[in-house]
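See below for the structure under consideration.
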Amino acid sequence: MDRTRGLDWHWHLAESAVEVDTTELEFALMRTFEGFGRWQSECLASVCDLAATGPENALLHIIRMNERPKTIKDLARLTNRDDVPNIQYSLRKLIGAGLVLRQGAGRSGVTYEVTEEGRRVTDDYSALRRRLLLQAVAGVPGFSDRLAEATRTLNLLSGIYEEISRVAATHRRP
């Protein structure tokens, strides 16, 4: 990044070069997260009549992942979420739309899997994703290597953020 063009990069979140780079990455993550959520919602809306959020769309695809039923614990772990009531709300929405089926009973015996309609919708979503997103990135030279490196970096950052959030929670002021 060229910081020599008269812009002031220093502010309350960033004073040193490392702080500026970290803050710029965080803002890029926020913008990417919001854009990704809009993409997921629009792509899903193109293949079915459901107004779903990005995280609800993600749950649908994660439930189908590996063609195995998932528990709420699985879904929370795979999405790195701890807001179980919100996950349950999203599951009720997906069940109501006929995309997901709840099976079993009790605290540990409940699993979720996609219905035939859920399978059709996720297949149609996948086809549209291939046509639009994957075709767009396929033409960028070296993008596959960049994606692999970005994935490694984001996974590393996920672990760092997870650890420092525990530290912050442990040492929170009264």
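The values are calculated or read from the model by the stated rules, or taken from the named source; none is laboratory data. Remember, predicted model here, so these are calculated numbers, not experimental data. All Cβ positions, even for glycine, are placed from backbone atoms using ideal geometry, and neighbour counts span all protein chains on display. Side chains are part of the model used for accessible areas, which takes the heavy atoms of the whole protein and leaves out ligands, DNA and RNA. Shrake-Rupley method; radii C 1.70, N 1.55, O 1.52, S 1.80 Å.
Taking the Cα centre of the chain as origin, work out the dipole magnitude from +1 charges on Lys and Arg Cβ and -1 charges on Asp and Glu Cβ, in debye rounded to 20. Mind showing how you got there, number by number?
Values: 24 positive and 24 negative charges, 130 e Å.
That gives a dipole near 620 debye.
Express in nm, to one decimal, how much length is gained between Asp74 and Glu42 on full extension, taking 0.36 nm for each residue of separation and deducting their alpha carbon distance. It would help to have the intermediate numbers written out before the result.
On the way: separation 32, 0.36 × 32 = 11.52 nm, distance 2.59 nm.
Extra length from Asp74 to Glu42 when fully extended: 8.9 nm.
What percentage of the solvent-accessible surface of the chain, computed with a 1.4 Å probe over protein heavy atoms, is contributed by carbon and sulfur atoms? Walk me through the intermediate numbers first.
Numbers: 6900 of 12160 Å².
Looking at the chain in its full context, I get 57 percent from C and S.
Which listed residue (Tyr112, Leu29, Leu75) has the Cα farthest towards the positive end of the charge dipole for the chain, taking +1 on Lys and Arg C-beta and -1 on Asp and Glu C-beta about the Cα centre?
The listed residue farthest towards the positive side: Tyr112.
Accessible area per residue of the chain at 1.4 Å probe, in Å²? Can you show the working numbers first?
Details: 12160 Å² over 174 residues.
Result: 70 Å² per residue.
Give me the dipole magnitude in Debye, nearest 20, for the stretch 77-174 about the Cα centre, with unit charges on the beta carbon: positive for Lys and Arg, negative for Asp and Glu.
Details: 16 positive and 11 negative charges, 54 e Å.
With only Lys, Arg, Asp and Glu charged at Cβ, the dipole is about 260 debye.
Label Leu147 and Thr170 with points 7 Å out from Cα along Cα→Cβ: what is the distance between them in nm?
3.7 nm
Ordered by residue, what ³J(HN,Hα) values in Hz, to whole numbers, does the stretch 124-139 give under the Karplus form 6.51 cos²θ - 1.76 cosθ + 1.60, where θ = phi - 60° and Gly and Pro are x?
In residue order, the calculated couplings are 5, 4, 4, 5, 5, 4, 4, 5, 9, 6, 5, 5, 5, 7, 5, x Hz.
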